[in-house]
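Quick notes on the structure that follows.
The values are calculated or read from the model by the stated rules, or taken from the named source; none is laboratory data. Just so it is clear, the model here is predicted, and its values are computed rather than measured. Please note: Cβ atoms are built from the backbone with ideal geometry, for glycine as well, and neighbour counts cover all protein chains shown. Heavy atoms of the whole protein, side chains included, go into the accessibility calculation; ligands, DNA and RNA do not. Shrake-Rupley method; radii C 1.70, N 1.55, O 1.52, S 1.80 Å.
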Amino acid sequence: MLEIEKHTFERTAIVGIVTQNQNEEKLNEYLDELEFLTFTAGGEVVKRFSQKTDKPHPKTFVGTGKLEEIKVYIKEHDINSVIFDDELTPSQQKNITRELDCKVLDRTNLILDIFAQRAETSYARTQVELAQCQYLLPRLTGMWTHLERQRGGIGMRGPGETEIETDRRIVRDRISLLKEKIKVIDKQMSTQRGNRGAMVRVALVGYTNVGKSTLMNAVGKSEVFVENKLFATLDTTVRKTVIKNLPFLLSDTVGFIRKLPTQLVDSFKSTLDEVREADLLLHVVDISHPEFEDHIAAVNKILLDIKSADKPTIMVFNKIDAYKYVKIDENDETIEKTTKNFSLQDWERTWMSNLGENNTLFISATEKQNFEAFREKLYGAVREIHISRFPYNKFLYPDYKDVIEEEDDEDDTED
């Protein structure tokens with residue numbers, strides 16, 4: 001008999017604040033995302049806490065009254081960990097941990113934990129470990145009580161080194177070692193990219209969990225890991241892909257997220273080099289997500305940070321099969337139409353008029369809806385770059401419609 005595998009989820013509470021820069025609606029949206037991140041990491045969110053304040057409390061992030069409320073709740077309901085939506089300073093984390101007497105994490109720590117779980121290759125593990133060490137270094141004080149004690153005994157008298165200083169030195173040495181290791185791998189990967197020749201490079205970019213890997217599997221007939229969780233794909237996958245006899249390289253990159261830890265952007269520099277060196281970007285968007293425009297802005301910000309915002313880009317609005325909107329009576333002038341009432345046709349008119357019809361597309365990668373139009377647009381964009389690079393290859397790769405007509409003629413001849 002097969003044993004039924006039981007998954008035990010860590011009972012968790014999450015905490016966020018409403019500030020001048022973040023209203024209640026925005027906070028709920030971030031907490032929804034934090035809950036999904038917690039689920040991805042193996043936790044179950046039992047309770048949400050929020051507080052209105054002008055700015056985070058410098059010592060405890062939330063006020064003392066709210067902290068006491070959280071403390072009482074976690075003791076009564078057997079909560080294992082408390083996760084804060086924003087990055088905590090080392091002193092805040094130390095003070096909150098002392099007060100709550102349980103595991104305290106912030107958004108950055110949670111994302112790093114998910115990355116550590118998902119890293120498959122030696123390179124990805126090295127990148128994640130570097131980010132974790134950089135995050136850990138300023139937080140060593142007070143993480144373990146034994147670190148506050150001076151080493152003593154035979155041979156240890158005199159000024160010496162406190163245990164906290166020893167641990168800091170170990171972590172700094174580890175960071176230096178990891179940076180050197182990444183430099184070596186970066187050099188190897190740069191050589192690999194150089195050996196790919198002058199083939200057109202297309203990179204899939206977008207927010208996490210928008211369907212980039214599903215799209216890559218559908219276009220390139222690859223077998224990239226797909227799961228409905230955040231950061232299912234960490235390692236960059238590059239595949240040679242052919243559409244109607246036109247070859248190009250398609251790469252699937254790590255998904256982006258709002259409030260992405262700076263340590264991760266730094267340590268995943270080489271992974272993002274795939275985006276930097278790409279000739280064409282496919283910016284994949286989950287149009288079924290209510291805040292997809294915020295996701296686009298977050299991705300564009302990171303593209304700007306890595307100096308890739310000016311690359312030729314096709315906006316691919318995915319998951320049209322899951323899109324839902326609130327229908328209203330168009331003739332009723334008392335009801336104000338908002339983006340929540342936009343149909344897919346409304347969005348198409350909005351985005352296509354803003355960016356141009358050749359730069360936007362609405363598809364479903366799982367249901368293959370509008371997929372032939374996607375292949376045609378991708379073929380056309382790759383062909384244009386290829387011909388600019390190799391003008392004498394123009395006749396090898398005709399227009400997509402001409403290729404279809406040739407295939408139809410061949411089928412008729414065979415019949």
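The figures follow:
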| quantity | calculated |
| --- | --- |
| Extension gain, Asp101 back to Gln117 (0.36 nm per residue minus Cα-Cα distance, nm) | 3.2 nm |
| Burial ranking of peptide ranges 129-135, 285-291 (average Cβ count within 10 Å, highest at the top) | 129-135, 285-291 |
| By accessible area with a 1.4 Å probe, ligands and nucleic acids excluded, highest first: order of Ser364, Ser353 | Ser353, Ser364 |
| Using θ = phi - 60° and Karplus 6.51 cos²θ - 1.76 cosθ + 1.60, couplings along region 348-360 (whole Hz; Gly, Pro as x) | 4, 5, 5, 6, 5, 6, 6, 10, x, 4, 6, 10, 9 |
| Calculated from backbone phi, Karplus (6.51, -1.76, 1.60) coupling profile of region 298-309 in Hz, x at Gly/Pro | 5, 5, 4, 5, 5, 4, 5, 4, 9, 6, 10, 6 |
| Cβ crowding within 10 Å averaged over residues, with 206-218, 168-180, 92-104 ranked highest first | 206-218, 92-104, 168-180 |
| Heavy atoms of Phe371 accessible to a 1.4 Å probe, total area in Å² rounded to 10 | 20 |
| Cα-based reach from Lys26 at 19 Å (exclusive), listing lysines while leaving out same-chain residues under 8 positions away | Lys47, Lys52, Lys55, Lys259, Lys301, Lys340 |
| Region 17-89 shape via C-alpha gyration tensor axes, a/c threshold 1.5 | oblate |
| Heavy-atom accessible area order for Tyr325, Tyr73, Tyr392, largest first, 1.4 Å probe | Tyr392, Tyr325, Tyr73 |
